[in-house]
Amino acid sequence: MSGFDRWVEGSTRALARRLSRRSLLRRVGVALAGAAAFPVLPVARAAGEGDAARAAAPPETIDGPAGDPSRCEYWRHCAIDGFLCSCCGGSQTACPPGTEMSPISWVGTCRNPLDGKDYVIVYNDCCGRGFCGRCFCNRNEGDRPIYHPYRSNDINWCGGASTQVYHCSTALLAGLALEAQPEK
Amino acid sequence: MRRVFVVAVLLFIGDGAGVSSADDAVTRFDFVLNCSGCHRTDASGSATVPALGETDALIATREGRDYLIRVPGVAQAPLSDERLARLMNFVVREFGRAPEFEPFTAVEVSRLRAVPLRSPLSARP
């Protein structure tokens, strides 16, 4: 038997005399759990920082109408005034085929019911085909009279597109709001 | 284009890089909420809305400075005089190419926004 083997055997026997098996298992368990809680590889640390940067993404797993993009009650639709693109062949973030997203938009904030935070919501209209006619919503929270055009949803926001024919509205997320829009 | 637009807004708000203070963050937020809907997040404007780089020509003269604050979209913005002054200084610095300009103050903004333009297109210097 080599010297190294004798040293390992002696150390193990000495450890066994000092520690009970339960105590050893407990310490090994704590070490394993601690390693999982504090990632040491740089890749794992970088991934964690990425998660923090993406923290502005709101929770979308909301039960009921407030979590359904095809409903007026959907949380991002707090200021909607028009037809939902989700019901018109598009989605809450994409225009239906054959339409064009207007480059100008109504911008406001909506509160996410799960985390209670306010988020900037950008309502871009989809233009180029006649009224969709499905899922008309008119919630208007934070809407202002038309003499405040930048915060009035009654004007035609297809004005910046190549055609001014309104079809439906999207509700794009633009990040966490530092505060609720002042009109609320 | 719309994806670029959304990503630009997300970067504007979600990424703290380049924001040196809480005031700067508030000013950028004020820009997104009150300006970017029409002027767009890159301030490029559209067929019906002027690009904010055009502030260069206006900031150089007294009449132009007054116009920048008295134009209805600015004068009626739901912001305090202090926040509006910071926002306009940000717009001129961020999107214009004017090398130097005298920053707007809250007192100046308060005086000018009290007399908003009734016909901004015809009043433009």
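The values are calculated or read from the model by the stated rules, or taken from the named source; none is laboratory data. As the structure is a computational prediction, the values presented were derived from the model and not from experiment. Glycine gets a Cβ as well: all are built from the backbone with ideal geometry, and neighbour counts include every protein chain shown. All accessible areas refer to the heavy atoms of the entire protein, side chains included, with ligands and DNA or RNA removed. Shrake-Rupley method; radii C 1.70, N 1.55, O 1.52, S 1.80 Å.
What to note about this one:
- Within the option set B:R40, B:R111, B:R124, B:R65, being farther than 28 Å from A:G159 by Cα and of a type in the set (K, R) holds for one residue only, B:R111.
- Segment B:83-101 - residue that is in contact (Cβ under 8 Å) with a residue 12 or more places away in the chain and among the charged types (D, E, K, R) and, of those, surrounded by the most Cβ atoms within 10 Å (Cβ to Cβ): B:R86
- B:F104, sole failed condition from (1) in a helix (DSSP H, G or I); (2) surrounded by 19 or more Cβ atoms within 10 Å (Cβ to Cβ): (1)
- Residues satisfying the stated conditions in segment B:50-82, i.e. open to solvent by 40 Å² or more (accessible area, probe 1.4 Å) and among the basic types (K, R): B:R62, B:R70
- Residue in segment A:126-146 that is surrounded by 23 or more Cβ atoms within 10 Å (Cβ to Cβ) and charged (D, E, K, R) present: no
- Note on segment A:147-175: residues that are open to solvent by 60 Å² or more (accessible area, probe 1.4 Å) and of a type in the set (A, V, I, L, M) amount to 1.
- Index of the failed condition, A:I80 passing every other in (1) surrounded by fewer than 20 Cβ atoms within 10 Å (Cβ to Cβ); (2) over 13 Å from the mean Cα position of the chain (by Cα); (3) in contact (Cβ under 8 Å) with a residue 24 or more places away in the chain: (1)
- Every pair of residues 6+ apart whose Cβ atoms lie under 6 Å, when the first sits in segment A:163-184 and is more than 10 Å from chain B (Cβ to nearest Cβ) and closer than 23 Å to A:P69 by Cα while the second is in a loop (DSSP other than H, G, I, E, B) and basic (K, R): A:H167/A:R129
- Applying a threshold of 7 Å to beta carbon distances and a minimum spacing of six or more residues, or different chains, the list of pairs starting in segment B:39-66 at a residue that is in contact (Cβ under 8 Å) with a residue 40 or more places away in the chain and ending at one that is open to solvent by 60 Å² or more (accessible area, probe 1.4 Å) and of a type in the set (A, V, I, L, M, F, W, C) reads B:G64/B:A57.
- A:A79 passes every criterion in (1) closer than 23 Å to A:K184 by Cβ; (2) out of contact with any helix residue (DSSP H, G or I) (no Cβ under 6 Å at 6 or more places or on another chain); (3) more than 12 Å from chain B (Cβ to nearest Cβ) apart from (3).
- Count - residues of segment A:83-122 that are more than 20 Å from the chain's Cα centre (by Cα) and of a type outside the set (S, T, Y): 11
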